[in-house]
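First the structure, in the form of structure tokens, and then the observations on it.
The values are calculated or read from the model by the stated rules, or taken from the named source; none is laboratory data. What you see is a predicted model; the values in this text were computed from it and never measured. All Cβ positions, even for glycine, are placed from backbone atoms using ideal geometry, and neighbour counts span all protein chains on display.
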Amino acid sequence: MGNPWDYDFSAIGRRTSPLLVVHGSDGDAAAKAGGTGFRVGGNSDIYQLLPENLRIDQLNLSKQFLKGPLPDLGGYECVLNLVTDPDQHPKTLERLQKLARGYTGRLINRPEMLLKTTRDQVAKRLSGIEGLRVPSLVRLHNPRPGAASAAAAKAGQSFPIIVRRPGTHTGEIIALVNNAEELDAAAAGHGHFFLIEFANFRSDDGLYRKYRLWSFGGLTIFRHLLATDNWNVHVKERTRFMRWRDDLIAEEQRVLDRPEGALPGFVHKVFDAVKERMKLDFFGMDFGIDRDGRIVLFEANATMNFFPLVADPRFAYLEQIRRPASQAFMAMLGLQE
């Protein structure tokens with residue numbers, strides 16, 4: 001199908017495929033350099049699992065594309081919603097929710113469910129799962145001076161505390177703070193802030209490991225295991241740290257022995273419980289495992305990236321993920337690959 005961002009996918013007027021793929025944003029979609037299409041943050045990249053030869057229709061719900069008539073969803077067997085971030089695009093999700101009223105086909109990741117997947121709502125929903133440690137989280141809006149430290153104390157949070165903005169991803173944080181003064185300085189100004197209690201997940205060998213599992217229609221796909229000496233584990237650590245460690249590469253390869261991940265049974269048991277509570281057709285979960293053997297939740301949402309797979313030849317083995325992930329994805333859509 002090529003890259004959807006290479007299309008000027010304004011509202012379509014006629015059905016040419018059984019599948020409609022929906023993108024969009026609360027603002028205007030940003031034009032790509034060269035005028036070859038648009039990019040929208042807060043949308044899932046799992047469209048790249050669709051077969052190259054699959055014809056699709058596309059709809060962009062960003063503001064500049066809403067002047068014309070919107071399509072009748074009733075003509076489609078399946079609608080794949082890629083607008084996934086409720087903090088970045090709540091209005092777009094509400095717009096799709098109205099558009100989908102009365103639609104009886106297969107709507108993948110219904111907007112009303114995605115609106116319930118902000119980081120604070122997910123933390124509350126997943127609390128109480130046996131074997132899952134959900135760090136304490138407080139959400140603040142336009143905090144007054146001293147409000148952040150007061151809120152953290154009221155919630156019983158202990159330092160260190162991670163401060164970040166809602167709707168941010170890829171390891172982006174404001175600060176990791178160690179006392180009340182630092183906290184109030186970091187969580188200051190207009191807008192929303194998350195205060196997240198830091199849960200130490202360092203392994204006995206001194207490294208930090210981040211696992212990512214995906215669910216496609218309830219089927220589990222293991223995405224990666226990143227190991228590094230930095231607690232804020234992100235994909236850049238793969239080339240900075242992991243590529244020089246044959247032992248860590250071999251460790252990730254062992255987990256890849258099974259498409260769902262050759263992980264301890266308790267990990268899959270916890271993830272199955274997470275699936276039940278998330279009630280999404282597709283989403284990913286990032287987590288660590290602490291020294292007590294508990295899974296430490298980092299995040300669970302439908303916005304985290306599945307792609308790109310790493311171009312570095314040291315990690316060429318990651319390509320084996322693509323086939324089972326695509327099969328699970330197509331099964332979720334109810335389409336033949």
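If you go through the stretch 234-246, how many residues are modelled with pLDDT of 95 or more and not in a helix (DSSP H, G or I)?
Of the residues in that region, 2 qualify.
If you go through the stretch 63-70 one residue at a time, do you hit one that is modelled with pLDDT of 95 or more and either under 27 Å from P166 (Cα atoms) or assigned by TED's automatic domain parsing to the domain that holds I321 (or both)?
No, the stretch 63-70 has no match at all.
Does the stretch 187-194 contain any residue that is out of contact with any Asp or Glu (no Cβ under 9 Å at 6 or more places or on another chain) and assigned by TED's automatic domain parsing to the domain that holds A273?
no
Can you tell me which residue within the stretch 146-166, out of those that are part of a helix (DSSP H, G or I), in contact with a helix residue (DSSP H, G or I) (Cβ under 7 Å, 6 or more places away or on another chain) and of a type in the set (A, V, I, L, M), is farthest from A123 (Cα to Cα)? Step through it out loud before you land on a result.
As a first pass, look at the stretch 146-166 and keep what is part of a helix (DSSP H, G or I): 147-154.
Retained after the next criterion (residues that are in contact with a helix residue (DSSP H, G or I) (Cβ under 7 Å, 6 or more places away or on another chain)): 148-149, 152.
Remaining after also requiring of a type in the set (A, V, I, L, M): 148, 152.
On the way: A148: 19, A152: 16 Å.
Within the stretch 146-166, the match that is farthest from A123 (Cα to Cα) is A148.
G284 fails exactly one of the following numbered conditions: (1) in contact with a strand residue (DSSP E or B) (Cβ under 9 Å, 6 or more places away or on another chain); (2) farther than 19 Å from R322 by Cβ; (3) modelled with pLDDT of 95 or more. What is the number of that condition?
Status for G284: all satisfied but (2).
Consider the stretch 177-225. How many of its residues are over 30 Å from R245 (Cβ atoms), touching a Phe, Trp or Tyr at 6+ places or on another chain (Cβ under 9 Å) and in a loop (DSSP other than H, G, I, E, B)?
Looking only at that region, the number is 3.
Can you run down the residue pairs with Cβ atoms below 8 Å, 6 or more apart or on separate chains, where the first is in the stretch 115-144 and on the phi < 0 side of the Ramachandran plot and surrounded by fewer than 19 Cβ atoms within 10 Å (Cβ to Cβ) and the partner is in a loop (DSSP other than H, G, I, E, B) and among the aromatic types (F, W, Y)?
P135/F198
For the stretch 310-324, which residues satisfy the criterion of being in contact with a helix residue (DSSP H, G or I) (Cβ under 6 Å, 6 or more places away or on another chain), part of a helix (DSSP H, G or I) and closer than 21 Å to L50 by Cα?
The answer is Y317, and nothing else.
Out of all the residues in the stretch 300-330, which are among the small types (G, A, S) and either under 17 Å from G284 (Cβ atoms) or not assigned by TED's automatic domain parsing to the domain that holds F216 (or both)?
Selection gives A300, A302, A325, S326, A328.
Filter the stretch 82-98 down to residues that are part of a helix (DSSP H, G or I) and closer than 13 Å to N60 by Cα, then give me how many there are.
Counting residues in the stretch 82-98 that are part of a helix (DSSP H, G or I) and closer than 13 Å to N60 by Cα gives 4.
Pick out the one residue from G27, G41, G35 that is of a type in the set (G, A, S), modelled with pLDDT of 80 or more and part of a loop (DSSP other than H, G, I, E, B).
So the residue among G27, G41, G35 that is of a type in the set (G, A, S), modelled with pLDDT of 80 or more and part of a loop (DSSP other than H, G, I, E, B) is G27.
If you check F306 against the conditions, is it of a type in the set (A, V, I, L, M, F, W, C) and in contact with a helix residue (DSSP H, G or I) (Cβ under 9 Å, 6 or more places away or on another chain)?
It is true that F306 is of a type in the set (A, V, I, L, M, F, W, C) and in contact with a helix residue (DSSP H, G or I) (Cβ under 9 Å, 6 or more places away or on another chain).
Within the set of pairs 6+ apart or on separate chains, which have a first residue in the stretch 232-252 that is closer than 18 Å to E172 by Cβ, a second that is assigned to a helix (DSSP H, G or I), and C-beta atoms under 8 Å apart?
These pairs meet every condition: R238/F315.
Which one of the conditions (1) hydrophobic (A, V, I, L, M, F, W, C); (2) out of contact with any Asp or Glu (no Cβ under 7 Å at 6 or more places or on another chain); (3) modelled with pLDDT under 90; (4) under 25 Å from F329 (Cβ atoms) does I12 fail to meet, given that it meets all the rest?
Failed condition: (2).
Within the stretch 290-309, track down each residue that is part of a loop (DSSP other than H, G, I, E, B) and within 17 Å of D45 (Cβ to Cβ).
A302, T303, M304, N305, F306, F307, P308, L309
Within the stretch 212-235, identify whether any single residue is among the hydroxyl-bearing types (S, T, Y), buried (at least 20 other Cβ atoms within 10 Å of the Cβ) and farther than 30 Å from D184 by Cα, and answer yes or no. It would help to see each step written out before you state the result.
Going through the stretch 212-235, the residues among the hydroxyl-bearing types (S, T, Y) turn out to be 215, 220, 228.
If we keep only those that are buried (at least 20 other Cβ atoms within 10 Å of the Cβ) as well, we get 215, 220, 228.
Among the residues that remain, those that are also farther than 30 Å from D184 by Cα are: 215, 220.
Yes - at least one qualifying residue is present in the stretch 212-235.
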